[in-house]
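**Q** Mind having a look at this structure? Questions to follow.
The values are calculated or read from the model by the stated rules, or taken from the named source; none is laboratory data. On a predicted model such as this, the values are computed, not experimentally measured, just so you know. Here the Cβ is made from the backbone with ideal geometry for all residues, glycine too, and neighbour counts use every protein chain on show.
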Amino acid sequence: MGAIMSRKIKFNVLDFCIVLFAILTILSTFFWKDIRSKLTFDEKNAEYSFIVTGLTKEAAEGVSVGNNLYFSEDGTFAGKIESVSTEREIRSVSLVDGEKAEYESDFYILRCKVDIKGKEKENGFYIDDRYFTVPGKKFSLETDSVKLFVEITSINY
Amino acid sequence: MKNRKSVNNVNKKFTAIDLLICLLFLSAVVYMGIRIFQNEKLKDESNVSFDVSFVFSEDNKEAFKIGDIVLTADGKDEVGKITNVSYSDVTEKNFDLSVKEEIISEDIFEDSSEIIENDFSNEQKETETSKALVTETVIKGYVNVTLTVVGTLEYDNGKYYLNGSSFKIDDEIEITTKNYSSFGKCISISSLKENTKSE
């Protein structure tokens, strides 16, 4: 009877190992890209700058140093704002004689520098393994109070 | 003997754990099957050459260079290579009112000389006046940049795909390299048919 019991317990442990192995195999198949990325690339600090045009005064004033930024798409953390500068947007109109006249519009230009952690891969810098970040890229970001359609102007990492 | 019989019974029993193992392996097989099936459903690939036009500020006109590798928008896959970059002025059409004033004054002068014109000459004059009125001026500080990209795009049912979306001439597409990314307008696309392959 004792032999039967011990044999039964041994069988269960083996089963457990097989189940565990099977689960790990399946999970690694699902997440092999993430696992590879985590093992291959180290996280590093970066600083990127962006510009936003056509903002209202209220929206421009709603962004300040220390604000956290998130990608509107999925709420991924996009960094912490380190510096902010705003200026009135200069626009131009064509006059009837063909000349151009420039004027200060009611809209604002916002420039920010943001600190972020990400990974440098073969082709460039990624935020959260998903957002390929190079100058010219446009993202929809938001703080707790303002939504911004930003254009990346530079990135240093 | 009785004990031996019960041992055999225990060994033959199909337990819940056995069922779990079967389910796990079955799901693994199904998952792999789905992946393979999806791969089979991937669109054909076609070697193409396409031109994309951008308007850049003067100081940013060299954002894309010949030889730059074009990537997908997520930066993960290569699409092709920039084989040519050309620049042209950005222009706009303006009404030159000074020309109109000159024409009006000419008309007054001609009227005073009692020159009788037929309908045909009037129509011709109107066209000439319209042409003279509209002038093309160069917008300073901006450059029209046109890239030629030679690479491989997904192709399905007469549509070329880049970044998961189909595009044709006049559509906006995102061109991404290691150094820069921007949306431009596709102005031409042609297949390099001899190299078309299927995945």
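**Q** Just checking, how many residues over the stretch A:123-155 are touching a helix residue (DSSP H, G or I) at 6+ places or on another chain (Cβ under 6 Å) and within 13 Å of another protein chain (Cβ to nearest Cβ)?
**A** The qualifying residues number 1.
**Q** When only residues in the stretch A:29-42 that are free of Cβ contacts under 8 Å to residues at least 60 places away in the same chain and surrounded by 12 or more Cβ atoms within 10 Å (Cβ to Cβ) count, which is nearest to residue A:111 (Cα to Cα)?
**A** A:38
**Q** Any idea which of (1) at pLDDT below 75; (2) assigned to a strand (DSSP E or B) is the one residue B:148 doesn't satisfy?
**A** (1)
**Q** Could you tell me which numbered condition residue A:45 fails, if it satisfies all but one of (1) exposed (fewer than 12 other Cβ atoms within 10 Å of the Cβ); (2) at pLDDT below 90; (3) under 33 Å from the mean Cα position of the chain (by Cα)?
**A** (2)
**Q** Restricting the search to the stretch B:40-79, which residues are at pLDDT 90 or above, part of a strand (DSSP E or B) and more than 14 Å from every other protein chain (Cβ to nearest Cβ)?
**A** B:47, B:48, B:49, B:50, B:51, B:53
**Q** Looking at B:25, B:37, which one is more than 30 Å from residue B:190 (Cβ to Cβ), at pLDDT below 80 and more than 14 Å from chain A (Cβ to nearest Cβ)?
**A** B:37
**Q** While we're here: Confirm whether residue A:75 is under 23 Å from the mean Cα position of the chain (by Cα), modelled with pLDDT under 95, exposed (fewer than 13 other Cβ atoms within 10 Å of the Cβ) and not acidic (Asp, Glu).
**A** Taking the combined requirement at face value, the residue satisfies it.
Yes or no, residue by residue, for (1) assigned to a loop (DSSP other than H, G, I, E, B); (2) under 16 Å from residue B:178 (Cβ atoms); (3) touching a residue at least 24 places away in the same chain (Cβ under 8 Å):
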position: A:81; (1), (2), (3): no, no, yes
position: A:86; (1), (2), (3): no, no, yes
position: A:91; (1), (2), (3): no, no, no
position: A:106; (1), (2), (3): no, no, yes
position: A:109; (1), (2), (3): no, no, yes
position: A:118; (1), (2), (3): no, yes, yes
position: A:129; (1), (2), (3): yes, no, yes
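**Q** Please specify each residue of the stretch A:29-56 satisfying the condition of being among the charged types (D, E, K, R) and under 22 Å from residue A:114 (Cβ atoms).
**A** Result: A:42, A:43, A:44, A:47.
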